[in-house]
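Report on one structure; see the data block that follows.
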Amino acid sequence: MGDHLFPLHEVGSLAKPRWRTKGLRQPLTTSDLNEAEEWASRLGIVNYHDLAKEVLKNGPDRQRKLLQLSTLYGLRLFEKAGLDNDGVGGEQQRVEMYEHVIKNVEGMRFLGHVNSFDYKYFRKAVAEGAVDRSQPIYVQEFRDVQKLAHRAVKVPITGPYTLVDWSYNEYYQAKGTEGSSLKERKMSARRDFLLDLVEKVIRPEIRDLVEAGASWIQIDEPALTTHPERAELEMFVEAWNETVKGFNCKFSDHTCYPNEVGYRLLAEYTPELEKCSQLTLEFANRDSPELGIDGGAREGYQALRYFVDNGYDGEFGIGAIHVHDYTGVAPKQSGLVSGRDIIESPELVRDRVLYASKIVGDPAKIWVNPDCGLRTRTWDVALAKLTNLSKGTELARKEWA
Amino acid sequence: MSSPVQAQLSGLHARSESLIELTREYDRNRVPWEKVEDQLESETADLVKLQEKLGCEYQTDGALSWKDQLRPVVDSISGLAESTRYSRWFDTNTFYKKPIVNGTVALAKFDSGTFVKSNLLSKDRKWKVTLPGPYTLTELSENKHYSTQSELLREFASVLREIVLKLNSVGVKLFQLSEPSLVYWPYRETRPSTDDLEQGIDALRSVVEGVRAEFVVNTFFGDACPIFSSLQSLPVKAVGVDLYETNWETLPQEAREVGLLLGIVDSEESLVEQPKWLVDTASKVQGKLSCPSVILAPNTDLKFVPRGIADSKLSSLGEAARLLQEGLS
């Protein structure tokens, strides 16, 4: 990196291969292993048979070997697609971004599932005591990645604001907080919970990661734009600045899927984020599938202006491909729509990158990435999308040169 | 005659872990719908029994089958695009299918069973259904057909009135119209003007006026103070406020004939409010506002907490209402 414009990086999780998910619970069958072998061949994993033998052994470290193998696959998939920074291989060692952290936090207890919509649910925990990290959360994964990665590594972690927002808060509410109304007291308890989580859980984790050699930590805060209110943004800034204080490491924020005013309000506060070298944001989801580098075709990237106009002077990681179900249509030259997927064409990616560069005004500040993690897409689709992301970015480099 | 203090359930109740697992399995084509339906009926029956035990005069089925807070209404209306676009439900971590208006809206296919499981409700109690109010339905839709939002608002109000009349004809006596968009604005580029809000209230009036049923208009997720007095002009049984967003001490003190729905149980927190605290708080509010009647209720849908907690919160409401009634007698 640094030797070409528009470096590429991943943002979040990849789907877990069937052999990885099943293998954690039960022995693998020949058909599971055939699938793993086929992907090993596609991803150029030459010592597959030696690695598979380890996974098939019924030893005490079988599960760890399986997670390491899955991590290797994720890293090689990103590498094959042409990314410059392969993250931690698609978060193969994590159950899910919330649970993975909470299960390692004393004082938290899972209460059950809550309906999100239709027949989709999420698991929710409560703070019923003072929070404290019970053991390192991401360090083992990072050590594995260090051994396996051929390219640069960024460690995504779930941000404290999101962890608080997705949890119930009994302990800090019961502790007695300030405020004349129930709303003020609830808000005050939310802040206490957040700052405690930063101090007792997130900072110790970052300290361990940095000591282990992490040079870039991406703080994922998908909940940040859920509450587009000034008091919430102020609380987020306070927590962010406490989180990163004193660490010698690159930090970036990843936020996605805000409502209509989410980015506009967030943009006002981003200049106050200390050591926030990059904002990695979702844009493709809100963009049109038409080719072109004018504001009409690139409506989804207009929100970048808010950040520039408000004086944020760091890098931007721009989401240039969609990651969820695609229900629209697209002109032939913009991509291939099949079922619930769109494989964006390199030309569409190129135009998005060029337009974003035009708005930001300095192409050296532009990184290119998917909108968010590709975990809802199959590996075939993820690889095809990322490959075109890479090709499209190369077209943009040539165009800009 | 209704008691001046009651406990009532509102909106979507929580599904149990068993029902959650079954719906997930159904989603993965692993179990037939009949199995889900059996569990839905059994859990609805349990919820009805709980309301009976607590002495709730008005009974709901908990809307356990509703896929989101708008869905049965949206599925009954023509003039909306087929879409799988989901949007965030206010400031929660939950979502709803966004209605995309691309034609003239009208009530197209009405099936009362999608709104209320009347076969499972007690015949000797009054039935209550919670519906989105016209202003909120309009605000949460994308209008690609009507030239103004006001036009869409009027059309939605007309459709909602039809739905109310049809549900009333199958026995529903009380309708709670949810209007969070009248008080929660951060998702908008600009705050709604006074005219906008007045149109919202007029739309509510056009839904309820002349209908031989009772109505409650509930506000939540935002501060009801700015609009509370205007809502008092509606011909409704009660106006609702979310006590976790509205500082009741700042609500206007004025003579009123409309009752108060007090969103006193926090549907977004797991801590179960104790009946004594509910009684103390409700008494203070009632003392200040002198409402002719008070309905103790969750501030919004109890779907935001797991089922066991939702049931415990409902039980606390019932117990608090009983204690307050005893105090009055």
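The values are calculated or read from the model by the stated rules, or taken from the named source; none is laboratory data. Everything quoted here is computed from the prediction, not taken from an experiment. Heads up, the Cβs are rebuilt from the backbone with ideal geometry, glycines too, and the neighbour counts pull from every protein chain shown.
Does A:Ala223 satisfy the criteria of being out of contact with any Cys (no Cβ under 8 Å at 6 or more places or on another chain) and within 14 Å of chain B (Cβ to nearest Cβ)?
Yes: the conditions hold for A:Ala223.
Of all residues being part of a loop (DSSP other than H, G, I, E, B) and surrounded by fewer than 21 Cβ atoms within 10 Å (Cβ to Cβ) in segment B:17-59, which is nearest to the other protein chains (Cβ to nearest Cβ)? Just the residue, please.
Residue satisfying both the conditions and the ranking: B:Arg28.
Counting only residues that are outside any loop (DSSP other than H, G, I, E, B) and modelled with pLDDT under 95, how many does segment A:1-16 have?
The total comes to 0.
Yes or no: B:Ala297 part of a helix (DSSP H, G or I), closer than 19 Å to B:Gln176 by Cβ and of a type outside the set (Ser, Thr, Tyr)?
Considered against the rule, which asks whether it is part of a helix (DSSP H, G or I), closer than 19 Å to B:Gln176 by Cβ and of a type outside the set (Ser, Thr, Tyr), B:Ala297 comes out as no.
Please give the number of the condition B:Leu177 fails out of (1) under 21 Å from B:Ala7 (Cα atoms); (2) surrounded by fewer than 16 Cβ atoms within 10 Å (Cβ to Cβ).
(2)
Can you pull out the residues in segment A:308-323 that are crowded, with 20+ Cβ neighbours inside 10 Å, of a type outside the set (Ser, Thr, Tyr) and part of a loop (DSSP other than H, G, I, E, B)?
Selection gives A:His322, A:Val323.
What number goes with the only condition from (1) surrounded by fewer than 23 Cβ atoms within 10 Å (Cβ to Cβ); (2) closer than 22 Å to B:Cys56 by Cβ that B:Gln253 does not pass?
Among (1) surrounded by fewer than 23 Cβ atoms within 10 Å (Cβ to Cβ); (2) closer than 22 Å to B:Cys56 by Cβ, B:Gln253 violates only (2).
Just the residues that are of a type in the set (Gly, Ala, Ser) and touching a residue at least 24 places away in the same chain (Cβ under 8 Å), please, taken from segment B:165-216.
Those that are of a type in the set (Gly, Ala, Ser) and touching a residue at least 24 places away in the same chain (Cβ under 8 Å): B:Gly171, B:Ser178, B:Ser181, B:Gly200, B:Ala203, B:Ser206, B:Ala213.
So which residues in segment B:228-250 are in a loop (DSSP other than H, G, I, E, B) and surrounded by 15 or more Cβ atoms within 10 Å (Cβ to Cβ)?
B:Gln232, B:Leu234, B:Val236, B:Lys237, B:Leu243, B:Tyr244, B:Glu245, B:Thr246, B:Asn247
Can you tell which of B:Leu80, B:Leu64 is touching a residue at least 12 places away in the same chain (Cβ under 8 Å), within 18 Å of B:Leu12 (Cα to Cα) and either within 14 Å of chain A (Cβ to nearest Cβ) or not hydroxyl-bearing (Ser, Thr, Tyr) (or both)?
Result of the check over B:Leu80, B:Leu64: B:Leu64.
For a quick check of your reading of the model, give me the residue pairs whose first member lies in segment B:1-22 and is farther than 20 Å from B:Ser315 by Cα and modelled with pLDDT of 95 or more, whose second is aromatic (Phe, Trp, Tyr) and in a loop (DSSP other than H, G, I, E, B), with beta-carbon atoms closer than 7 Å and at least 6 apart or on different chains.
Sorted first by the residue in segment B:1-22, then by its partner, the list stays empty.
Select from segment B:96-107 the residues that are assigned to a strand (DSSP E or B) and either more than 14 Å from chain A (Cβ to nearest Cβ) or in contact with a Lys or Arg (Cβ under 6 Å, 6 or more places away or on another chain) (or both) and write down the one among them that is surrounded by the fewest Cβ atoms within 10 Å (Cβ to Cβ).
B:Thr104
Restricted to segment A:166-200, and to residues that are more than 8 Å from chain B (Cβ to nearest Cβ) and not in a helix (DSSP H, G or I), which residue is farthest from B:Thr250 (Cα to Cα)?
A:Ser167
Would you say A:Leu69 is crowded, with 23+ Cβ neighbours inside 10 Å and over 14 Å from A:Val153 (Cα atoms)?
Taking the combined requirement at face value, the residue satisfies it.
From the list B:Leu261, B:Leu271, B:Leu314, which residue is crowded, with 16+ Cβ neighbours inside 10 Å and without any contact (Cβ under 8 Å) to a residue 40 or more places away in the chain?
B:Leu271
Of these, A:Glu242, A:Glu229, A:Glu211, A:Glu268, which one is more than 23 Å from B:Ser87 (Cα to Cα), surrounded by fewer than 21 Cβ atoms within 10 Å (Cβ to Cβ) and within 14 Å of chain B (Cβ to nearest Cβ)?
Just a single option satisfies the conditions, and that option is A:Glu268.
Of everything in segment A:92-138, what is of a type in the set (Val, Ile, Thr), more than 10 Å from chain B (Cβ to nearest Cβ) and without any contact (Cβ under 8 Å) to a residue 12 or more places away in the chain? Give them in sequence order.
A:Val95, the sole residue that qualifies.
Which one of B:Leu289, B:Leu296 is within 17 Å of B:Val239 (Cα to Cα), away from every other protein chain (no Cβ under 11 Å), in contact with a helix residue (DSSP H, G or I) (Cβ under 8 Å, 6 or more places away or on another chain) and buried (at least 24 other Cβ atoms within 10 Å of the Cβ)?
Every option except B:Leu296 fails the conditions.
Could we say that B:Ala310 is assigned to a helix (DSSP H, G or I), within 14 Å of another protein chain (Cβ to nearest Cβ) and under 15 Å from B:Gly240 (Cβ atoms) here?
no
Which one is nearest to A:Asn104 (Cα to Cα) among residues in segment A:156-210 that are in contact with a strand residue (DSSP E or B) (Cβ under 6 Å, 6 or more places away or on another chain) and among the acidic types (Asp, Glu)?
Per the criteria, the residue is A:Asp196.
Going through segment B:263-283 one residue at a time, which ones are away from chain A (no Cβ under 12 Å) and either touching a Cys at 6+ places or on another chain (Cβ under 6 Å) or not polar (S, T, N, Q) (or both)?
B:Pro275, B:Lys276, B:Leu278, B:Val279, B:Asp280, B:Ala282
Being part of a loop (DSSP other than H, G, I, E, B) and either of a type in the set (A, V, I, L, M, F, W, C) or crowded, with 19+ Cβ neighbours inside 10 Å (or both) is the filter here; which residues of segment A:17-55 pass it?
Across segment A:17-55, the qualifying residues are A:Pro17, A:Leu24, A:Leu28, A:Ile45, A:Val46.
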